[in-house]
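The values are calculated or read from the model by the stated rules, or taken from the named source; none is laboratory data. Because the structure is a prediction, the values reported are computed rather than measured. Here the Cβ positions follow ideal geometry from the backbone for every residue, glycine too, while neighbour counts run over all protein chains shown.
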Amino acid sequence: MATLSPATRGSTILASATANQWLNAAVVATGRTVAFTTPNNYAARLSSLLSLRGHKPLWCPTLIVNPTPQTLAPHISPPPSLEAFAAVAFTSRAGIVSFSDAVDGIEGPLLSSDGEDFLIAAIGKDAELLGEEFLLKICSDLDRTKIIVPPVPTPTGLVEALGPGLGRKVLCPVPLVIGVEEPPVVPTFLRELEASGWVAVKAGAYETRWAGPECAEAIVGEEVLDGMIFTSTAEVEGLLKGLKELGWDWEMVRGRWPELLVAAHGPVTAAGAERLGVGVDVVGSRFDSFQGVVDALDLRWEGPR
């Protein structure tokens, strides 16, 4: 089991504490306390939404996400290596960031201006990162690249939106999971692509690591806890590991805060949490952004306190 060095763990906890102090000063004293375990790449967005609703955000990251563009580079360089693919499918924002970082280290566009349409697929709000600057790094002819954003913002929706593969290759920048069990989301996504006729090429684009044994301290030390948001199954496992390090388990959390509402960003996360023994009370019905899960919490609470 891989864990972080003491120095890394310490800096992570300090960053989390500093962020929480800043957030606490920005909300009204009557707001509900909502903990969330989201990694740093999504934390600011969710914090802002909670603050705007008058809630007190409590950031307790159980995972650390680090881009590893060096592991992607062999798949896309030297140009025109990407010509071997018909598409690239991103299942996360971190994958797009890492891909962009990898491309920055390569001289010239990855594709020629002539050839079949090249599909670039992303989910929900992540597609906002696929702007003109990003596309021009891939091909100087913007007409050759086609953005695919599925109406159902899930990996399965991504497969459906890509359509039949017909034996073509699709590059899949996915995480290397360290310190927690790999959730079934990515393996299922790759299997569904293969079943749809694609040749899925798995490429490690970033590391998702457990944040270490202190990751649950902010939650355990909280006096009042009204809600908790999970945005991935790995976050749930990371929290359970952190609780165990402190001599806690999920039943103790429920016992201390019996009115706690647990929310999942979408059905995939909800199913993963339930599989790990964490009951989910509400699920965001609109999971292309965090707005959906915050809406679901507020609806259950029937408006501000």
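Structural remarks
- Scope segment 56-74; condition surrounded by fewer than 21 Cβ atoms within 10 Å (Cβ to Cβ) and either touching a Leu at 6+ places or on another chain (Cβ under 8 Å) or within 30 Å of Glu302 (Cβ to Cβ) (or both); matching residues: Thr68, Thr71
- Unique residue being within 20 Å of the chain's Cα centre (by Cα), exposed (fewer than 15 other Cβ atoms within 10 Å of the Cβ) and farther than 30 Å from Ala273 by Cβ when the list is Gly131, Gly105: Gly131
- Cβ-Cβ under 9 Å pairs, at least 6 apart or on other chains, segment 169-186 side of a type in the set (Lys, Arg), far side assigned to a strand (DSSP E or B) and at pLDDT 95 or above: Lys169/Ala87; Lys169/Val199; Lys169/Ala200; Lys169/Val201
- Among (1) in contact (Cβ under 8 Å) with a residue 40 or more places away in the chain; (2) crowded, with 17+ Cβ neighbours inside 10 Å; (3) more than 25 Å from Gly31 (Cβ to Cβ); (4) not aromatic (Phe, Trp, Tyr) - the single one Pro267 does not satisfy: (2)
- Residue match in segment 48-55 (condition: crowded, with 16+ Cβ neighbours inside 10 Å, in contact (Cβ under 8 Å) with a residue 24 or more places away in the chain, hydroxyl-bearing (Ser, Thr, Tyr) and in contact with a Phe, Trp or Tyr (Cβ under 8 Å, 6 or more places away or on another chain)): no
- Selected residue (criterion: nearest to Thr68 (Cα to Cα)) from residues of segment 91-148 that are of a type in the set (Val, Ile, Thr) and in a helix (DSSP H, G or I): Val97
- Whenever a residue of segment 111-123 is assigned by TED's automatic domain parsing to the domain that holds Glu133, its partners that are in a loop (DSSP other than H, G, I, E, B) and small (Gly, Ala, Ser), lying with C-beta atoms within less than 7 angstrom and at least six residues away or across chains, give the pairs Ser113/Ser140; Glu116/Ala86; Phe118/Ala86; Leu119/Ala86.
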